[in-house]
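**Q** Have a look at the structure that comes next, please.
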Amino acid sequence: MDAYEAADRVLPLDGPHQPDQVVTAARLVAELVRRLNRATRPGHALPSPGDLYGLLGGLTEAVAGLDQLLGQLADRADAFAENPRLTHTHHPAEASSAALQAANLLHRANTARADLYQYLANAWTTTSPLALQPEN
(Lines give C-alpha, C1' and ligand atoms only; values in the text may rest on other atoms or scores of the structure.)
Protein backbone atom coordinates (compact mmCIF):
# COMPACT_ATOMS: atom_id res chain seq x y z
CA MET A 1 0.00 0.00 0.00
CA ASP A 2 1.41 3.40 -0.94
CA ALA A 3 0.84 6.72 0.85
CA TYR A 4 -2.07 7.68 -1.42
CA GLU A 5 -3.92 4.41 -0.76
CA ALA A 6 -3.33 4.73 2.98
CA ALA A 7 -4.61 8.31 2.95
CA ASP A 8 -7.70 7.31 0.96
CA ARG A 9 -8.63 4.86 3.71
CA VAL A 10 -8.80 7.70 6.22
CA LEU A 11 -9.95 10.62 4.05
CA PRO A 12 -10.83 10.02 0.40
CA LEU A 13 -9.42 12.82 -1.76
CA ASP A 14 -12.67 13.49 -3.60
CA GLY A 15 -14.95 12.99 -0.59
CA PRO A 16 -17.46 12.84 0.68
CA HIS A 17 -15.81 14.47 3.68
CA GLN A 18 -17.35 13.99 7.11
CA PRO A 19 -16.24 15.98 10.18
CA ASP A 20 -15.04 12.86 12.02
CA GLN A 21 -12.89 11.85 9.03
CA VAL A 22 -11.30 15.29 8.86
CA VAL A 23 -10.46 15.26 12.59
CA THR A 24 -9.14 11.68 12.34
CA ALA A 25 -6.90 12.71 9.43
CA ALA A 26 -5.42 15.55 11.50
CA ARG A 27 -4.81 13.18 14.40
CA LEU A 28 -3.22 10.69 12.01
CA VAL A 29 -0.75 13.37 10.87
CA ALA A 30 0.23 13.90 14.52
CA GLU A 31 0.59 10.15 15.08
CA LEU A 32 2.72 9.74 11.96
CA VAL A 33 5.03 12.52 13.14
CA ARG A 34 5.35 10.70 16.48
CA ARG A 35 6.26 7.52 14.63
CA LEU A 36 8.77 9.34 12.44
CA ASN A 37 10.34 10.70 15.61
CA ARG A 38 10.88 7.14 16.81
CA ALA A 39 11.93 5.75 13.45
CA THR A 40 14.57 8.40 12.81
CA ARG A 41 16.39 8.03 16.10
CA PRO A 42 19.92 6.70 15.61
CA GLY A 43 19.59 3.42 13.85
CA HIS A 44 18.91 1.99 10.44
CA ALA A 45 15.77 3.83 9.27
CA LEU A 46 17.82 6.22 7.11
CA PRO A 47 20.85 4.21 5.97
CA SER A 48 21.75 6.49 3.07
CA PRO A 49 21.70 10.20 2.24
CA GLY A 50 19.13 9.34 -0.43
CA ASP A 51 16.77 8.15 2.30
CA LEU A 52 17.26 11.44 4.16
CA TYR A 53 16.57 13.27 0.91
CA GLY A 54 13.34 11.31 0.43
CA LEU A 55 12.15 12.01 3.97
CA LEU A 56 12.95 15.71 3.65
CA GLY A 57 11.01 15.80 0.39
CA GLY A 58 7.92 14.38 2.05
CA LEU A 59 8.17 16.80 4.96
CA THR A 60 8.76 19.76 2.64
CA GLU A 61 5.69 18.86 0.59
CA ALA A 62 3.60 18.47 3.76
CA VAL A 63 4.64 21.88 5.08
CA ALA A 64 3.94 23.44 1.66
CA GLY A 65 0.42 22.01 1.78
CA LEU A 66 -0.18 23.64 5.15
CA ASP A 67 -0.34 27.01 3.36
CA GLN A 68 -3.71 26.14 1.84
CA LEU A 69 -4.96 24.28 4.92
CA LEU A 70 -4.15 27.07 7.38
CA GLY A 71 -5.70 29.64 5.07
CA GLN A 72 -8.89 27.61 4.76
CA LEU A 73 -9.07 27.11 8.52
CA ALA A 74 -8.65 30.86 9.06
CA ASP A 75 -11.45 31.51 6.57
CA ARG A 76 -13.66 29.02 8.43
CA ALA A 77 -12.95 30.74 11.77
CA ASP A 78 -13.85 34.09 10.15
CA ALA A 79 -17.12 32.60 8.89
CA PHE A 80 -17.93 31.28 12.36
CA ALA A 81 -17.32 34.78 13.76
CA GLU A 82 -20.10 36.11 11.50
CA ASN A 83 -22.58 33.38 12.44
CA PRO A 84 -25.18 34.80 14.87
CA ARG A 85 -25.59 31.33 16.42
CA LEU A 86 -21.94 31.19 17.53
CA THR A 87 -21.48 31.00 21.29
CA HIS A 88 -18.62 30.58 23.75
CA THR A 89 -18.74 28.00 26.53
CA HIS A 90 -17.50 30.40 29.22
CA HIS A 91 -18.09 33.90 27.80
CA PRO A 92 -20.93 33.94 25.23
CA ALA A 93 -20.47 37.63 24.48
CA GLU A 94 -16.87 36.96 23.41
CA ALA A 95 -17.65 34.22 20.89
CA SER A 96 -17.18 36.32 17.76
CA SER A 97 -13.96 37.94 18.98
CA ALA A 98 -12.56 34.52 19.96
CA ALA A 99 -13.25 33.19 16.46
CA LEU A 100 -11.62 36.26 14.92
CA GLN A 101 -8.62 35.82 17.21
CA ALA A 102 -8.34 32.17 16.11
CA ALA A 103 -8.38 33.30 12.47
CA ASN A 104 -5.66 35.85 13.17
CA LEU A 105 -3.52 33.24 14.93
CA LEU A 106 -3.95 30.85 12.02
CA HIS A 107 -2.76 33.55 9.60
CA ARG A 108 0.26 34.16 11.84
CA ALA A 109 0.95 30.41 11.97
CA ASN A 110 0.91 30.41 8.19
CA THR A 111 3.46 33.20 8.11
CA ALA A 112 5.75 31.17 10.38
CA ARG A 113 5.09 28.11 8.19
CA ALA A 114 6.60 29.95 5.23
CA ASP A 115 9.94 30.19 7.04
CA LEU A 116 9.81 26.52 8.04
CA TYR A 117 9.04 25.59 4.44
CA GLN A 118 12.03 27.54 3.13
CA TYR A 119 14.44 25.93 5.60
CA LEU A 120 13.15 22.45 4.78
CA ALA A 121 13.24 23.08 1.04
CA ASN A 122 16.83 24.27 1.32
CA ALA A 123 17.81 21.20 3.37
CA TRP A 124 16.05 18.96 0.83
CA THR A 125 17.91 20.57 -2.08
CA THR A 126 21.23 20.47 -0.22
CA THR A 127 20.94 16.72 0.42
CA SER A 128 20.11 15.93 -3.22
CA PRO A 129 23.72 15.34 -4.39
CA LEU A 130 24.81 13.41 -1.28
CA ALA A 131 25.72 9.72 -1.42
CA LEU A 132 27.88 7.24 0.48
CA GLN A 133 30.85 5.71 -1.27
CA PRO A 134 30.93 1.91 -1.28
CA GLU A 135 32.85 0.32 1.56
CA ASN A 136 36.22 -1.13 0.55
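The values are calculated or read from the model by the stated rules, or taken from the named source; none is laboratory data. Predicted model only: the values in this text are computed from it and were never measured. In this analysis, Cβ positions are derived from the backbone assuming ideal geometry, glycine residues included, and neighbour counts consider all displayed protein chains.
**Q** Modelled with pLDDT under 95, under 30 Å from Ala131 (Cα atoms) and in a helix (DSSP H, G or I), is that true of Tyr53?
**A** No.
**Q** Let me ask something else about it. Quick one: in the range 1-50, which of the residues that are outside any helix (DSSP H, G or I) and polar (S, T, N, Q) is farthest from Leu73 (Cα to Cα)? I'd like the intermediate steps shown before the answer.
**A** We begin by selecting, within the range 1-50, every residue outside any helix (DSSP H, G or I); these are 1-2, 11-18, 40-48.
The next check asks that each one be polar (S, T, N, Q); those that pass are 18, 40, 48.
Working: Gln18: 16, Thr40: 30, Ser48: 37 Å.
This residue is Ser48.
**Q** Among the residues of the range 72-91, which ones are surrounded by fewer than 11 Cβ atoms within 10 Å (Cβ to Cβ) and either β-branched (Val, Ile, Thr) or touching a residue at least 12 places away in the same chain (Cβ under 8 Å) (or both)?
**A** Within the range 72-91, Glu82, Thr89 qualify.
**Q** Could you list all residues from the range 104-136 that are of a type in the set (Gly, Ala, Ser), surrounded by 12 or more Cβ atoms within 10 Å (Cβ to Cβ) and under 17 Å from the mean Cα position of the chain (by Cα)?
**A** Ala109, Ala114, Ala121, listed by residue number.
**Q** Is it the case that the range 65-73 has a residue that's in a helix (DSSP H, G or I), out of contact with any strand residue (DSSP E or B) (no Cβ under 8 Å at 6 or more places or on another chain), assigned by TED's automatic domain parsing to the domain that holds Asn122 and of a type in the set (Gly, Ala, Ser)?
**A** Looking through the range 65-73, at least one residue is in a helix (DSSP H, G or I), out of contact with any strand residue (DSSP E or B) (no Cβ under 8 Å at 6 or more places or on another chain), assigned by TED's automatic domain parsing to the domain that holds Asn122 and of a type in the set (Gly, Ala, Ser).
**Q** Provide a single number: the residues in the range 75-101 that are part of a helix (DSSP H, G or I) and not aliphatic (A, V, I, L, M).
**A** 10
**Q** Right, here's the next one. Determine if the range 69-83 includes at least one residue that is acidic (Asp, Glu) and within 30 Å of Leu130 (Cβ to Cβ).
**A** Scanning the range 69-83 turns up no residue that is acidic (Asp, Glu) and within 30 Å of Leu130 (Cβ to Cβ).
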